[in-house]
Amino acid sequence: MASVIPTESQGIRLLRQLFLRGKRIFNMEDVAAAAVLEDIPQKQLGKILSNLAKRGWILRLRRGLYVGIGLLPEQAYTHSFAISAYLIQPSAISHWSALQHHGLTEQIPQIVTASTPNKVVTPSMREKQAHGKKIRHAFEINGVRYEYITVQEQHFFGFEKIWLDEYFQISITDKERTLLDVFIYYKMFGGMGEVLGILENSLATINIQKLCDYAIQYNKKSISKRLGWALEYFGIEEQQLEPLLNIQSNYYCPLDPSAPALGPCEKRWMIQNNLLKVRKR
């Protein structure tokens with residue numbers, strides 16, 4: 001009696017076709033296109049995807065978006081930065097994740113942080129609407145938290161492209177934009193004292209002119225003045241800081257916005273040094 005060679009299930013064939021097409025993260029349009037090539041009826045796709053998820057071969061990221069995680073050895077791991085880039089588009093890895101990627105901090109962030117000009121609605125936000133709970137909103141996927149910081153369209157700049165592997169190229173804030181974000185979102189990084197420490201440790205590896213240009217493009221006087229003051233405090237020459245120094249301001253900006261407005265006022269930068277641990281050199 002001739003032996004019967006088992007055929008691959010529709011789900012496995014679908015996943016293999018997606019992989020061959022370079023789709024390790026895929027949406028329903030990708031699934032439909034792969035199904036046509038494998039002669040799989042479109043009406044069966046919902047059930048097939050559900051079965052694949054139950055078997056642990058794919059993971060649902062959000063409605064209509066999946067990642068292959070268990071069928072093929074090559075699909076066993078997908079970088080969290082790639083997942084972040086697909087979850088919300090457009091977006092760019094930023095803040096703590098970018099700081100760690102560029103080697104500007106020794107701390108290992110417990111979440112993946114990214115910037116986007118779009119409004120983001122997470123499942124936790126829907127829960128808040130239903131239950132009135134106050135929580136820090138993020139996507140939680142396979143034990144990883146993905147947090148998005150919404151920025152204005154004109155502030156969505158300062159990126160570079162990096163390859164995570166042979167399949168995924170993503171956007172990430174470059175060193176200079178990452179440092180600017182440290183000044184903008186100082187509370188996220190532990191306060192202005194920590195921010196100054198991060199800047200001091202980064203000076204040898206950044207482009208000062210690009211950082212100043214980004215501050216001007218961001219177009220907020222208080223940020224530019226604090227950054228300029230800090231750069232001069234750490235020894236950057238006046239010539240490099242002229243673009244920031246020439247920004248006109250008719251009020252004193254506290255060096256630390258979260259601290260009481262107490263301390264010497266320095267007219268050169270229109271900064272009030274209210275950070276007790278920092279005194280002018």
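Throughout, read-outs are computed from the coordinates displayed, never taken from laboratory work. None of the values given here were measured: they were computed from a predicted structure. Heads up, the Cβs are rebuilt from the backbone with ideal geometry, glycines too, and the neighbour counts pull from every protein chain shown.
Observations on the model:
- Spin-label model, Ser50 to Glu242: label points 7 Å out along the Cα-to-beta-carbon direction sit 6.9 nm apart.
- Among 111-118, 33-40, 179-186, the peptide with the highest mean count of other Cβ atoms within 10 Å heads the list, and the full ranking is 179-186, 111-118, 33-40.
- Counting 0.36 nm for each residue step from Ala204 to Met125 and taking away their Cα separation leaves a gain of 24.3 nm.
- For the residue pairs Lys23/Lys54; Lys220/Lys267; Lys23/Lys210; Lys161/Lys187; Lys119/Lys220, the C-alpha atoms sit more than 25 angstrom apart in Lys23/Lys210; Lys161/Lys187.
- Share antiparallel - DSSP beta bridges, the chain, percent rounded to 5: 70 percent
- Residue-averaged 222 nm ellipticity for the chain, from DSSP H runs of 4+ at -39500 (n - 2.57), nearest 500: -11000 deg cm²/dmol
- Once the chain from Ala259 to Lys221 is taken as fully extended at 0.36 nm per residue, the excess over their C-alpha distance is 11.8 nm.
- Where trypsin sites (Lys or Arg not before Pro) fall in DSSP loop in region 23-123, at most 13 other Cβ within 10 Å: Arg55, Arg63, Lys119
- Between Ser249 and Arg21, full extension at 0.36 nm per residue minus the direct alpha carbon distance yields a gain of 76.5 nm.
- In summary, no helical segment of the chain meets the span-like criteria, namely a full DSSP H run, a Cα extent along the axis of 27 angstrom or more and a mean Kyte-Doolittle hydropathy of at least -1.0.
- Within the shell defined by Cβ-Cβ distances under 9 Å, the residues around Gly158 carry a net charge of -2, with Lys and Arg each +1 and Asp and Glu each -1.
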